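Inspection log for the structure reproduced underneath, given as structure tokens.
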Amino acid sequence: MKQSNACRYVFGPVPSRRLGRSLGVDLVPFKTCTYDCVYCQIGRTTNKTVERREYVPVAKVLSDVRRKLTRCKPNYVTLSGSGEPTLHARLGELIQGLKNMTRIPVAVLTNGSLLGDRDVQAALRLADLVIPSLDGGDEAAFQYVNRPHAAITFERMVKGLVDFRARYSGALWLEVFLLGGVTASKIEATKIATLARRLRPDKIQLNTVTRPPAEDFAFPVPAARMKQLCRVFGGKAEVIADYQTPALDSGGEPDADDVLTLLGRRPCTVKDIADGLGLHATQAAKLIEHLHDAGQVVEQRVNGRAYFSSMKKRAGTPPPGPVGRTQKTRG
């Protein structure tokens, strides 16, 4: 019987619209986060916290990365995964360990909520690329879209972003996630753009819902409207396009466990799976068919595209409940 190639704390490489083939590193338990964003593609937050501690062992994470890099050559090693990576208290030690291990650049995807913490700043200064988020231009939008921990205010979050940028000399790309009927108006986008200019990012990347979100009232912004709003943010702004690249050889033979590990972190199409794991489209389709028939993955459709998610991940998502504000209240 074939031994599983899956690593517990590493997944992918996943096809990234920003980073090419990105080897994901998961530093916190599933859905441990400072936010509970309405658009999150991996569901609602089950452990909303601001406590920084060693959620997963650094030595084991580095061992998993080393093992995975013998089988694949990603464009980035990316700290992201199923929660907020800056919650890991030994983040700096881990990034340094990665830098000692490989010349592949290290990227960190963060919601930006803890960037005012000096320990977090010191850790992230070791990274080659930091991509924080800014999804609202005022407290009301921040609370509606990101649903932060009670300890995090909009003012505190913005100050942290500005302070970090003043101390960080690496590449900083700012992600702005726009929602239909919420932040997709010129007025709301202008508020965010005004704050974005204070951060002096190297890029501003506009995103919207393309995968099944945590809440069904998180609506996508049409492509034509995204292009219009891009002009509000100036010359450094771009709309993130769908990842489009031919499948590459991963250096190994991915199996069903690799697919499940990938789908446990993010919903994917068959093409995403093929591109991320270096499979032929037919191989990816056969693996998905097998896993679907076995009841291990579930299919959802968004904008006419079929996305697959791990049933294990979905089982950990709380059932729908009442929402304090409806989509119409932000008109």
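No value in this document is a laboratory result; all are computed from the given coordinates. Note that the structure is predicted; figures quoted are calculated from it, not measured. FYI the Cβ positions are ideal-geometry reconstructions off the backbone, even for glycines, and counts take in every protein chain you see.
Think of the chain as having a plus end and a minus end, set by charges on the Cβ of Lys, Arg, Asp and Glu; of THR46, GLY235, LEU172, GLY235 sits farthest toward the positive end of this dipole.
Annotation: extensible slack from GLN300 through ARG198 equals 32.8 nm (criterion: 0.36 nm per residue apart, minus Cα-Cα distance). Working from Cα pairs under 8 Å separated by at least six residues, relative contact order for the chain is 19 percent. Rounded to the nearest 20 debye, the dipole magnitude of the chain is 600 debye, with +1 charges on Lys and Arg beta carbons, -1 on Asp and Glu beta carbons, and the Cα centre as origin.
Anything over 26 Å Cα to Cα? Flag those among LYS159/LYS236; LYS31/LYS286; LYS236/LYS271, in the order listed.
LYS31/LYS286; LYS236/LYS271
Which of rounded, prolate, oblate describes the range 19-80, given a ≥ b ≥ c as roots of the alpha-carbon gyration tensor eigenvalues and a/c under 1.5 marking rounded, otherwise prolate only if a/b is larger than b/c? Oblate is the answer for the range 19-80, as a/c is 1.5 or above yet b/c matches or exceeds a/b. Out of these labelled values of semi-axes √(5λ) of the Cα gyration tensor in Å, (1) 29, 24, 19; (2) 67, 25, 19; (3) 42, 19, 17, which was calculated from the coordinates shown here? Step by step, semi-axes √(5λ) of the Cα gyration tensor in Å for this structure corresponds to label (1).
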